[in-house]
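A.B. asks: Just passing along the structure, written as structure tokens.
The values are calculated or read from the model by the stated rules, or taken from the named source; none is laboratory data. It should be emphasised that the depicted structure is a prediction, and the values quoted were computed from it without experimental measurement. A quick note on method: Cβ atoms are made from the backbone with ideal geometry, for glycine too, and the neighbour counts reach across all protein chains shown. Just so you know, the surface numbers come from the protein's heavy atoms only, side chains and all, with ligands and any DNA or RNA stripped out. Shrake-Rupley method; radii C 1.70, N 1.55, O 1.52, S 1.80 Å.
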2 protein chains.
Amino acid sequence: METNFSNLRHSTAHLLAAAVLRLYPEAKLTIGPAIDNGFYYDIEFPTPITDSDLPAIEKMMQKTLDAWDSFTSREVSEEEARKIYQNNPYKLELIDEIVKKGEKITLFKAGMFEDLCRGGHVDNPAKEIEAFKLLSIAGAYWRGDEKNKMLTRIYGTSFPTQQELDLYVQQLEEAKKRDHRRLGQELDLFTFSELVGKGLPLFTPKGTMLRELLNDFSQRLRIKRGYQKVWVPHITKKELYETSGHWTKFGNELFLVTSQETDDKMVMKPMNCPHHQQIYASKQRSYRDLPIKYLETTTIYRDEKAGELMGLSRVRSVTQDDSHAFCTPEQIHEIYQSLIEITKEFYEALDMNFRARLSFRDPQSPEKYLGEDGLWNNAQEIILNIAKENNLDYYVAEGEAAFYGPKIDFMVSDALGREWQLATPQLDFVQPKRFGLTYIDSQGIAQTPVMIHFALMGSIERFLSVYIEHTAGKFPLWLAPVQVQIIPVSEKFTEYAKRVVEALQMAGLRVEVDFSNNTLGAKIREATLQKVPFMCIIGGQEEEKSKDGKLMVSVRARDGKDLGMVTISEFINQIQNDIETKH
Amino acid sequence: METNFSNLRHSTAHLLAAAVLRLYPEAKLTIGPAIDNGFYYDIEFPTPITDSDLPAIEKMMQKTLDAWDSFTSREVSEEEARKIYQNNPYKLELIDEIVKKGEKITLFKAGMFEDLCRGGHVDNPAKEIEAFKLLSIAGAYWRGDEKNKMLTRIYGTSFPTQQELDLYVQQLEEAKKRDHRRLGQELDLFTFSELVGKGLPLFTPKGTMLRELLNDFSQRLRIKRGYQKVWVPHITKKELYETSGHWTKFGNELFLVTSQETDDKMVMKPMNCPHHQQIYASKQRSYRDLPIKYLETTTIYRDEKAGELMGLSRVRSVTQDDSHAFCTPEQIHEIYQSLIEITKEFYEALDMNFRARLSFRDPQSPEKYLGEDGLWNNAQEIILNIAKENNLDYYVAEGEAAFYGPKIDFMVSDALGREWQLATPQLDFVQPKRFGLTYIDSQGIAQTPVMIHFALMGSIERFLSVYIEHTAGKFPLWLAPVQVQIIPVSEKFTEYAKRVVEALQMAGLRVEVDFSNNTLGAKIREATLQKVPFMCIIGGQEEEKSKDGKLMVSVRARDGKDLGMVTISEFINQIQNDIETKH
């Protein structure tokens, strides 16, 4: 039988809560959901606990577990529930909400421990909870709202076997070493400023180089296929999103913009599709003009809860390498086909695998989506067929569609085996209709075009968070912000070093030179820490052999390999091909 | 004696007002200032007037003028002023303000006409007002505020001689033909959308191509000189501008951003310098690292009054090709020198002349500026010396400095002889201090770096408004969004046309093809209207001669010149050099 990880981990969260109450009877429980790869429980402790308290809690969990041979549930009245949790304001707030929604109040019990809960557990915890671990402690505002009290969040995980747990913990250790927030600072890629604000990264020259190289690659793949760049402003009247339908769905996630000079009700754009449709709408279009394909890398803004912001993974200014194709129904296939080719080319070049999640609507909740049944069924069929024809490694996920249409989410795996939703071609039959877009068909009749949304990296910031960890900061040569570090062994070789720099820059290479007073060893160590692909060391030997205008350098790779003494042009020839083929 | 144009035009505005009152005794006068190249008077008419009423008003002005041999003034009490203007709420509002500021209330009279006025007239209007003309009528909200009543604005101008007036009127006619708003639509460069909002242009593929080519050129000139691209978000905490000093100065011109999830008080960035300083501040800097030069083309936001928005000239989302250099005092000279070279190279390539306005502070109002006297004097001296050394055509303008330092404003002339303030290297001794920026000098002591702001085009939108009118949309080949229009004379040549397109695209040219059913004449007319530099016409003759894999085309330039039948590769060779040398 396949493990239901969510049930396993949610059950382990109950176990954690039980153990905490045995050790800290004054603690107040709040919520304890299963999450990707584990679970957490947010708890108000009478006095703060630290990581060093976790082993004792784990021990108590183990001890408690023995008696947990089942979960039983009972339904209670609002009154009863309020009585049980009279000393826990958090649970009382949850009860308020359950009552407001008209849902039943249920309690789940295992051993001596009972908790307010919607259910979703393993049948026999004592048997099935086999391998768990508490991982870390973090502060978390109640409900993620910084106006609320700060609680203690205990993270943990649970696996069906010890082997799986060990593997996961090992992966976590590796991930910690590769944490993009740490590498971002060590490699000087981006920074945050208190004055600018949370979740608003600023990119230094090296990080910007990385962004630009990736974005150029991403855009070139589409420009080659007829996509044309456009440009739109970042603020806009609220009405645009009322027309598109976004306002009803996401109105409260938008940054509101107030004009002090006019009465305009404005917002920061949370997506680009409505704007691109306004460009489409600026002229009468004919079937001869289609497909029309707009491309723009531009920033959107999401008013995330402060507590949810993290490094580049979750930011408030999100740059998308976005595009929108407008086409006839007959052209959907050809456009989807080319987007799949683009995705393959991009992620293969970056040494990342992917599988395709076909994100369809939830057939149980059609009210969550805009547009007619016929359109949805038709669109989902097209997507399914394309996935089959291309032999994609795919699976269907109902309920994951956008509100305006189904999509393919390319789930990309990184070096740690983690999976991320990045590229997403989305079919949209709804918005073009709402905006009244048309083209004149060959019979002279006005028709509504289909729109295909596509971002290849998705959010550049989030993509970078994944990619920095995927590579551990050892970027391939074509992407490395600094490709070659020039290391003169002493001040005597300053002039020579400058000539080497010039020769390499003439060949289009990105070069830095270490003119500090540090020792050769320290300079090599620094370049290695900076993960610069190649070092060119320059000293007496190199200068001596550099007759007849030929500059000699001793080359060392970042993995420590000594590539020997060569002429500058030999070195350039060696690496030029790697750059061109993106290695 | 040199003409004081402001006095001449302001006096003519009085004359206009006098004539209007004689013709429309019920009209209510408001304000009538001199402006660049003319004057206007905002008037509330009992019933609307039109352009066709202007000749009669002009005639009355001429008739009135005879008796105007002087301006005399008198000071009146608040009470008296209120009595005089008891039926004019606009003048009463102006009186309120004069009183509030504690200024004197003065009236100026010529002939029988007296007006509330601060002064600034010619001595003898009858003699000195020699050549005037009323130009147009527009609606204008009282005080530019759309909540106020809409008034009628009459624009006019006045010159010392008829000859000068005729020349100016002729220039205006030419400008009307070149109006970038009209050309922007005809050439499909940009568009506006009611749903997006006023003053927020959206750029179509062709307009975006133009933006990008110009921006690439602008940035490359700096990248060659060691500037490095960075990236910053467009929203930020208000505190950043409180620290920089912008908030006190421009606080009410900013768009305010409200987070619905957090308490953050945020704004849309109105400039980029504070952000770039945060990147500088993210690391300890040494004198060895300087100069550090950041480059970023990014959009800022200005909450302009709706009534002041116009085409691309005055927009609410303003893209700057910005850069900031941080340096030691000794490096100012070298950096300024290179910025002057960059400016020369850029504007010469675009066939535009410039002179340099040295914008210094107003010695009468030192309180308007931040920073010590010594710093200001020193900075202004450096700028003056650099202007002299480079033999710039310069003049000093006191009172035109930024609040944080003096600057050079390059005043660029367009084909119509109009002058625009575009590139502006600004010296800044103030902000780096306010942000606590430092570098460690060779003695190990922390010093404050100097910052040099520089945007080459200034605002790309505004630059485009000037440049489109400068070229009348006939962009040089290297900048033309479409460089070659392929014109097959009939459907029979579709396949041949596609081969020509492919060959030209392989050579990196931007090509469009006209597959419509129009006649050859209509296709040529359309390409000419679109101001495409070259047309390649393809018909029976061309196909016939195209043996041995050589494709023949008949080339026609946009000025109508027939360049004859040539092979594709001959054509490419002919134009490639023009593109490379930016002709």
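A.B. asks: Confirm whether A:Met451 is within 29 Å of A:Glu239 (Cα to Cα), hydrophobic (A, V, I, L, M, F, W, C) and assigned by TED's automatic domain parsing to the domain that holds A:Gly245. I'd like the intermediate steps shown before the answer.
C.D. replies: Working: within 29 Å of A:Glu239 (Cα to Cα): yes; hydrophobic (A, V, I, L, M, F, W, C): yes; assigned by TED's automatic domain parsing to the domain that holds A:Gly245: yes.
Answer is yes for this residue.
A.B. asks: Mind listing whichever residues of the range B:180-191 are open to solvent by less than 10 Å² (accessible area, probe 1.4 Å), within 12 Å of chain A (Cβ to nearest Cβ) and either free of Cβ contacts under 8 Å to residues at least 60 places away in the same chain or assigned to a helix (DSSP H, G or I) (or both)?
C.D. replies: Residue satisfying the conditions is B:Gly184 alone.
A.B. asks: For the range B:505-552, what are the residues that are open to solvent by less than 90 Å² (accessible area, probe 1.4 Å), part of a helix (DSSP H, G or I) and under 22 Å from B:Gly473 (Cβ atoms)? Lay out the reasoning, then the answer.
C.D. replies: Pass one, the range B:505-552, residues open to solvent by less than 90 Å² (accessible area, probe 1.4 Å): B:507-516, B:518, B:520-524, B:526-528, B:530-540, B:542-543, B:546, B:549, B:551-552.
So of that shortlist, the ones also part of a helix (DSSP H, G or I) come out as B:520-524, B:526-528, B:540, B:542-543.
Correct list: B:Gly521, B:Ala522, B:Lys523, B:Ile524, B:Glu526, B:Ala527, B:Thr528.
A.B. asks: Of everything in the range A:246-277, what is in contact with a helix residue (DSSP H, G or I) (Cβ under 6 Å, 6 or more places away or on another chain), farther than 18 Å from B:Leu256 by Cβ and at pLDDT below 90? Give them in sequence order.
C.D. replies: Matches in the range A:246-277: A:Trp247 only.
A.B. asks: Checking B:Thr204 against (1) at pLDDT 95 or above; (2) more than 10 Å from chain A (Cβ to nearest Cβ): exactly one of these is not met. Which one?
C.D. replies: Every condition holds for B:Thr204 apart from (2).
A.B. asks: If you go through the range B:430-454 one residue at a time, how many are in contact with a Lys or Arg (Cβ under 7 Å, 6 or more places away or on another chain) and open to solvent by less than 10 Å² (accessible area, probe 1.4 Å)?
C.D. replies: The number of residues fulfilling the criteria is 0.
A.B. asks: Sort through B:Ser77, B:Ser70 and tell me the only one that's under 22 Å from B:His121 (Cβ atoms) and either modelled with pLDDT under 95 or small (Gly, Ala, Ser) (or both). Talk me through it step by step, then tell me what you get.
C.D. replies: Numbers: B:Ser77 fails: under 22 Å from B:His121 (Cβ atoms).
When all the criteria are applied, what remains is B:Ser70.
A.B. asks: Same structure, new question: What's the number of the only condition in (1) open to solvent by 50 Å² or more (accessible area, probe 1.4 Å); (2) over 25 Å from B:Thr438 (Cα atoms); (3) within 12 Å of chain A (Cβ to nearest Cβ); (4) basic (Lys, Arg) that B:Lys344 fails to meet?
C.D. replies: For B:Lys344, the failing item is (3).
Yes or no, residue by residue, for (1) more than 17 Å from B:Pro160 (Cβ to Cβ); (2) of a type in the set (A, V, I, L, M, F, W, C):
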{"residue": "B:Ser6", "(1), (2)": "no, no"}
{"residue": "B:Val20", "(1), (2)": "yes, yes"}
{"residue": "B:Pro25", "(1), (2)": "yes, no"}
{"residue": "B:Glu58", "(1), (2)": "yes, no"}
{"residue": "B:Lys63", "(1), (2)": "yes, no"}
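A.B. asks: Okay, next question. A:Val500 fails exactly one of the following numbered conditions: (1) among the hydrophobic types (A, V, I, L, M, F, W, C); (2) farther than 22 Å from B:Lys224 by Cα; (3) out of contact with any helix residue (DSSP H, G or I) (no Cβ under 6 Å at 6 or more places or on another chain). What is the number of that condition?
C.D. replies: Of the numbered conditions (1) among the hydrophobic types (A, V, I, L, M, F, W, C); (2) farther than 22 Å from B:Lys224 by Cα; (3) out of contact with any helix residue (DSSP H, G or I) (no Cβ under 6 Å at 6 or more places or on another chain), the odd one out for A:Val500 is (2).
A.B. asks: Take the residues in the range B:197-211 that are in a loop (DSSP other than H, G, I, E, B) and not polar (S, T, N, Q); name whichever of them is surrounded by the fewest Cβ atoms within 10 Å (Cβ to Cβ). Steps first, answer last, please.
C.D. replies: Looking only at the range B:197-211, we keep the residues that are in a loop (DSSP other than H, G, I, E, B), and these are B:197-201, B:204.
Those left that are additionally not polar (S, T, N, Q): B:197-201.
Values: B:Gly197: 24, B:Lys198: 17, B:Gly199: 25, B:Leu200: 22, B:Pro201: 23.
Among residues in the range B:197-211 that are in a loop (DSSP other than H, G, I, E, B) and not polar (S, T, N, Q), the one surrounded by the fewest Cβ atoms within 10 Å (Cβ to Cβ) is B:Lys198.
This table checks each residue for (1) within 11 Å of another protein chain (Cβ to nearest Cβ); (2) of a type in the set (Phe, Trp, Tyr); (3) more than 30 Å from the chain's Cα centre (by Cα).
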{"site": "B:Gln278", "(1), (2), (3)": "yes, no, no"}
{"site": "B:Ala281", "(1), (2), (3)": "yes, no, yes"}
{"site": "B:Arg285", "(1), (2), (3)": "no, no, yes"}
{"site": "B:Leu290", "(1), (2), (3)": "no, no, yes"}
{"site": "B:Lys293", "(1), (2), (3)": "yes, no, no"}
{"site": "B:Thr298", "(1), (2), (3)": "yes, no, no"}
{"site": "B:Gly307", "(1), (2), (3)": "yes, no, no"}
{"site": "B:Ser313", "(1), (2), (3)": "no, no, no"}
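A.B. asks: Same structure again: Would you confirm, using the coordinates I've provided, whether A:Glu194 is open to solvent by 30 Å² or more (accessible area, probe 1.4 Å), more than 7 Å from every other protein chain (Cβ to nearest Cβ) and either closer than 24 Å to B:Ile292 by Cβ or in a strand (DSSP E or B) (or both)?
C.D. replies: Working: open to solvent by 30 Å² or more (accessible area, probe 1.4 Å): yes; more than 7 Å from every other protein chain (Cβ to nearest Cβ): yes; either closer than 24 Å to B:Ile292 by Cβ or in a strand (DSSP E or B) (or both): yes.
When the stated conditions are applied, A:Glu194 passes them.
A.B. asks: Follow-up question, since we're still on this one. Does A:Val482 satisfy being outside any loop (DSSP other than H, G, I, E, B), touching a residue at least 60 places away in the same chain (Cβ under 8 Å) and in contact with a Pro (Cβ under 9 Å, 6 or more places away or on another chain)? Walk me through it before giving the result.
C.D. replies: Working: outside any loop (DSSP other than H, G, I, E, B): no; touching a residue at least 60 places away in the same chain (Cβ under 8 Å): yes; in contact with a Pro (Cβ under 9 Å, 6 or more places away or on another chain): yes.
Answer is no for this residue.
A.B. asks: Further question: Within 22 Å of the chain's Cα centre (by Cα) and closer than 25 Å to B:Lys474 by Cα: does that describe B:Thr157? Write out each step before concluding.
C.D. replies: Numbers: within 22 Å of the chain's Cα centre (by Cα): yes; closer than 25 Å to B:Lys474 by Cα: no.
Considered against the rule, which asks whether it is within 22 Å of the chain's Cα centre (by Cα) and closer than 25 Å to B:Lys474 by Cα, B:Thr157 comes out as no.
A.B. asks: Continuing with this model, one more query. Filter the range A:1-31 down to the residues that are touching a residue at least 60 places away in the same chain (Cβ under 8 Å), open to solvent by 10 Å² or more (accessible area, probe 1.4 Å) and assigned to a loop (DSSP other than H, G, I, E, B), then identify the one that is nearest to A:Trp142 (Cα to Cα).
C.D. replies: Among those that are touching a residue at least 60 places away in the same chain (Cβ under 8 Å), open to solvent by 10 Å² or more (accessible area, probe 1.4 Å) and assigned to a loop (DSSP other than H, G, I, E, B), it is A:Ile31.
A.B. asks: Within the range A:413-429, identify whether any single residue is of a type in the set (A, V, I, L, M, F, W, C), open to solvent by 50 Å² or more (accessible area, probe 1.4 Å), under 28 Å from the mean Cα position of the chain (by Cα) and assigned by TED's automatic domain parsing to the domain that holds A:Glu345, and answer yes or no.
C.D. replies: At the first step, the residues of the range A:413-429 found to be of a type in the set (A, V, I, L, M, F, W, C) are A:415-416, A:420, A:422-423, A:427, A:429.
Adding the requirement that they be open to solvent by 50 Å² or more (accessible area, probe 1.4 Å) leaves A:415, A:420.
Filter once more, so that each one left must be under 28 Å from the mean Cα position of the chain (by Cα): A:415, A:420.
Add one more test, that the residue is assigned by TED's automatic domain parsing to the domain that holds A:Glu345, and what stays is A:415, A:420.
Yes, the range A:413-429 contains a residue that is of a type in the set (A, V, I, L, M, F, W, C), open to solvent by 50 Å² or more (accessible area, probe 1.4 Å), under 28 Å from the mean Cα position of the chain (by Cα) and assigned by TED's automatic domain parsing to the domain that holds A:Glu345.
A.B. asks: Please determine, by comparing only the residues of the range A:224-262 that are within 7 Å of chain B (Cβ to nearest Cβ) and of a type in the set (Asp, Glu), which one is least open to solvent (accessible area, probe 1.4 Å).
C.D. replies: A:Glu261
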